[in-house]
Structures are given as structure tokens and as C-alpha cells.
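Quick notes on the structure that follows.
The values are calculated or read from the model by the stated rules, or taken from the named source; none is laboratory data. Everything quoted here is computed from the prediction, not taken from an experiment. Neighbour counts are summed over all protein chains in view; Cβ atoms, including those assigned to glycine, are modelled from backbone coordinates with ideal geometry. Accessible surface is based on the protein model in full, side chains and every heavy atom, while ligands, DNA and RNA are left aside. Shrake-Rupley method; radii C 1.70, N 1.55, O 1.52, S 1.80 Å.
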Amino acid sequence: MPDTCVLRFRDIEGDDTVQKHRQLISASGSVWWGWWKKLAEPDRWREIEELQDKARKEALSVGLFDYSTPSFFVANMVDCVVTKGERVLSPDARQTPSYASEKRCPAWFRFAAIEEVTAAEFEERFGPPPSGDGTFFPIWRDRSRASLKLSDPIKASRPSILHLSDIHFGTDFGFPQRSGPGQTPLLDVIERDLRDDPPGLIVVSGDITSRADANVLQNEGLRFLRALSDALKVPKECFVIVPGNHDIALQNYAPTDYSHEAAYNLFTKEFFGREMKCPELRRFGFPNGRTIELLAMNSVRLRHKAESQFGYVQWRLYDDALRLTERNPDDFRIAVLHHHLVPASREERTDPNYKEAAISVTLDAGAVVEGLQSNGFKLALHGHQHVPAIARIDRGSPVGGKVKLSEDGGMVVLAAGSAGATRLSDEMRDNSYNVIKLLDKGYSVEAKRFNPAKAPEILFQSNFD
């Protein structure tokens, strides 16, 4: 039986959640707080029923964690109601903030008080702020928050990585289904180019579809990735896939259950045969003895409902997970996301007819770069604006009143162009993909350009220690 719980939330829509709940407590003595459970989260009705029994006997202190600020609160819970999977309205709309009174949730918590506390006070009561992507966390005080153990590496057959991005199946896809004069299917282009030196890993950094179409994801996207796995003899556990802004429709954002992510989550579950966690740090071992850790990041998050056209990583999710995970300092660390950390285009241009890609750099790029560097990441892979590019970045961190730069030259950021779209940049009128080779010491990168009528050729190549 859990001792208590922590509910995690953030004010995406500017509802000022805590203040509005406090106002109702002042007016009527208590307020109902809904659990905005994400569809991918496990059902917690057993734990919540146990907490219900406790609260009805004696008021229970639970933690509230606003991870957008961050801010910490302790709520005095006097009751709760929970269903076994069904979503229901608040038990009393009069004691529920107006923005939530018509929302359906699988559980409602009745609070008689909400008090803001410091981070130290919160941690003393509930342990460190919860990591991961969930919204409900049962707390057992007799269990220590030990570090997550280093996982055994997944064996990859060859020390190289194929980096694909922005395939854009659907309305923007530019490759034929069958071969013809001057027309080669995308799968055939890749297979012919890499059959003599196939990769051990395949990374897809988002925008598998053109319009976040669930049918396109399930049919064309799933079929292509399965065929690519078979053609290059790369098992599915050696794929890493992250979403792009064309895979998750933030215009249909659903804050109570994250159902706008359901189609993409189903797609990855169908491909991998399991629910994919976020954040997820996976280790891979190569025949030459090199081991890498690869962090899959979702940059298609929403900081505010008015900013759906921008990328946002919400770095704190990843910082917490990395802080709690053991690390082998000999592992080579790579991050993958969709949006940019630095511009790939020489000059940003806005298109009034294509607002979803107005600005390339994710809104919290500074925090992401600083966080990745501080956690030992040497390479970041991304896509988004269909321009292959490479940069080295070193963001200074303030330490003791001074700015500290890294001692090894910083982090390399490698942008992939589009592997399949017809919507291309003036800076790159061909499709492209990247190949990264893990050498006995250091690594090499090369970008290859191609189109349906032209076989891949090297655009640029570089080696790094």
C-alpha cells in the first residue's frame, strides 16, 4: 500500500491551476482536482483506492509538482473517487474550477488545503521530484530512490548508424512505389547504396508522415520501416524513432489525456512490439568494442497552446531521468530529436502558408544544449527543415561566478535533410540522409544526397576524435 502520492502537472493553457483551486477552497472549504491521466500511463485505480481509504479515515498529505516552473505544493486530501478505466465528470461541479468542470478524468481528488513549499521541503516529504513522463506517482517512504542500474547493451551487428529524417509519407512524399525510367523507390535507393556496408543501427528523427495522418503512419510508415529492417538486416530493437511535428498534431492538443499522441504511440508499439517509454536511454554494443548510449527525445511538446508551431523538449524530464541513471563514462552518448538545436539554414524564412515550421530551433534549445553537454553527450542528431548541416557547439555553464566551457570542444550537432519529401529547401534541392561510423577511436559522419532519378553521392564528410 502506498503511503501517499505525487501529482505532476503544468499550466499549458494559462489556467493558473493552483490559484483557481485555492479560491474554491476559500469559498467552499474544499475543491476537486482531476487526474489528467495520459492514455499511455498505467491505470492506478488499486493504489488510488488504497489512498482513498486512508484519506477518509484521516486527511492525507499529497504532493503537487508543477514541472513547468518548477513549483512545489502540499495538498491536504480528504477524499478521492476513482474508476476502473472510465473517465467521469467531477463529483461536484460547484467545487471544481470552471475550466475543469466539464472534463472527464479517471480519478478526482478532494483537497481541503494547498500550501506552497520549497523544493527542499517537498523532497523531505516525498523524495526527489518524479522523473519520466507520467502524471501520477505513488510514494512508498520506506523505499529509497536508488539510481537506475546501467542496462546491458543491445548487440548491434556493425559499428555504423543510418540517420533518416523527414520521410513525409502521404501528400508530400516524392518517391514512386514501383521502379520506372528515372524513378526509383526510396527503399531501393537505400538498399542499393548500403547493401555492401549496411548499418548496425537505424535512427529516424521524425516526420514520418506529412499531415499527422494515423492511416499513413500505420500503413505506409509501418510497412516501409519493416521492409527497411528486412532489407538491411537490422533488427527492430536496433531502431530508434522519435516524433516530428508532422507525426503528432499539436493543433488537436488534448491536455486531459494526451490523446493527440495516441496514433503515434500506437505506431511505435506496433513496430517495436512494446510500449515505448519517454524519456528512454538505450545502450548499444558494437563488434569493435564501442558502446553508445542513445537518448530518444520528443521535441513535439507544448509549452503553451499559442505556441503549437514551435518545437519544445521540456528538458527537465530528461534531466531528471539522466540524473537518476547510472552512467559508464566510456560510453559514447548521442541524443536524437526532431527540431533544431542550432539553425541549419543560413537564414530563417517564414512561410505564411506553412506556419507549422516557422522557426526551426526548439524553444528551450539553450537548456537542452547545456543539459546534454553537462551529461556528457558528444553528438546530437535531428531533422525538421530538410537542410543537411553540421555544427559544433559549446555552451558555457556558470560555475562559481565564472563561465566554464567544455575541455573537449563541445558537442557536434548533425542535421539531416529530408529522405523522402518533395517540399525541399532552396539550400538543398535533393533528398538526403546521413551515415555515422563508430571508429575504434572517434567517429566519422557523411551526408549523402539523392533523388528518385539519381543514386546517392557524398555531399559532405568529416571525422571527429
Out of all the residues in segment 191-234, which are of a type in the set (A, V, I, L, M, F, W, C) and either open to solvent by 50 Å² or more (accessible area, probe 1.4 Å) or under 14 Å from residue 170 (Cα atoms) (or both)? 208, 212, 214, 216, 217, 222, 224
Output the residues belonging to segment 82-107 that are part of a strand (DSSP E or B), open to solvent by less than 30 Å² (accessible area, probe 1.4 Å) and either on the phi > 0 side of the Ramachandran plot or out of contact with any Asp or Glu (no Cβ under 9 Å at 6 or more places or on another chain) (or both). 107
Out of the residues in segment 51-70 meeting the condition of being open to solvent by 20 Å² or more (accessible area, probe 1.4 Å) and in a strand (DSSP E or B), tell me which one is farthest from residue 130 (Cα to Cα). 60
Looking at (1) touching a Pro at 6+ places or on another chain (Cβ under 8 Å); (2) closer than 25 Å to residue 84 by Cβ; (3) of a type in the set (A, V, I, L, M, F, W, C); (4) assigned to a helix (DSSP H, G or I), which is the only condition residue 48 fails? (1)
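Per-residue answers, yes or no, for (1) within 15 Å of residue 248 (Cβ to Cβ); (2) hydrophobic (A, V, I, L, M, F, W, C):
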| site | (1), (2) |
| --- | --- |
| 154 | no, yes |
| 158 | no, no |
| 171 | no, no |
| 177 | no, no |
| 185 | no, no |
| 192 | no, no |
| 204 | yes, yes |
| 211 | yes, no |
| 214 | yes, yes |
Positions within segment 179-194 being in a loop (DSSP other than H, G, I, E, B) and modelled with pLDDT under 95, in sequence order: 179, 181, 182
Odd one out for residue 116 among (1) loosely packed, with under 15 Cβ neighbours inside 10 Å; (2) modelled with pLDDT of 95 or more; (3) not in a strand (DSSP E or B): (3)
Subset tally (residues that are open to solvent by less than 10 Å² (accessible area, probe 1.4 Å) and among the aliphatic types (A, V, I, L, M)) for segment 235-258: 3
Of those in segment 119-141 that are part of a loop (DSSP other than H, G, I, E, B) and open to solvent by 50 Å² or more (accessible area, probe 1.4 Å), the residue farthest from residue 1 (Cα to Cα) is 141
Those residues of segment 409-439 which are open to solvent by 40 Å² or more (accessible area, probe 1.4 Å), in contact (Cβ under 8 Å) with a residue 12 or more places away in the chain and assigned to a loop (DSSP other than H, G, I, E, B), in sequence order: 422, 423, 427, 439
Going through 381, 372 one at a time, which residue ends up being part of a strand (DSSP E or B), crowded, with 20+ Cβ neighbours inside 10 Å and either touching a Pro at 6+ places or on another chain (Cβ under 6 Å) or not β-branched (Val, Ile, Thr) (or both)? 381
Scanning segment 440-450 residue by residue, those touching a residue at least 40 places away in the same chain (Cβ under 8 Å) and assigned to a strand (DSSP E or B) turn out to be 443, 445, 447, 448, 449, 450
Mind checking whether some residue in segment 283-299 is under 30 Å from residue 16 (Cα atoms), in contact (Cβ under 8 Å) with a residue 40 or more places away in the chain and open to solvent by 20 Å² or more (accessible area, probe 1.4 Å)? no
Here the qualifying pairs (Cβ atoms under 9 Å; residues six or more apart or on different chains; first in segment 233-259 and farther than 22 Å from residue 104 by Cβ; second open to solvent by less than 10 Å² (accessible area, probe 1.4 Å) and among the acidic types (Asp, Glu)) come out as 243/207; 244/166; 244/207; 245/207; 246/166; 246/207; 247/207
Counting only residues in segment 1-33 that are of a type in the set (D, E, K, R) and part of a helix (DSSP H, G or I), the one surrounded by the most Cβ atoms within 10 Å (Cβ to Cβ) is identified as 22
Could you tell me which of the residues 144, 157, 151 is small (Gly, Ala, Ser), part of a loop (DSSP other than H, G, I, E, B) and modelled with pLDDT of 95 or more? 157
Say we look at segment 384-404 and pick out the residues that are part of a loop (DSSP other than H, G, I, E, B) and under 27 Å from the mean Cα position of the chain (by Cα); which of these is farthest from residue 448 (Cα to Cα)? 396
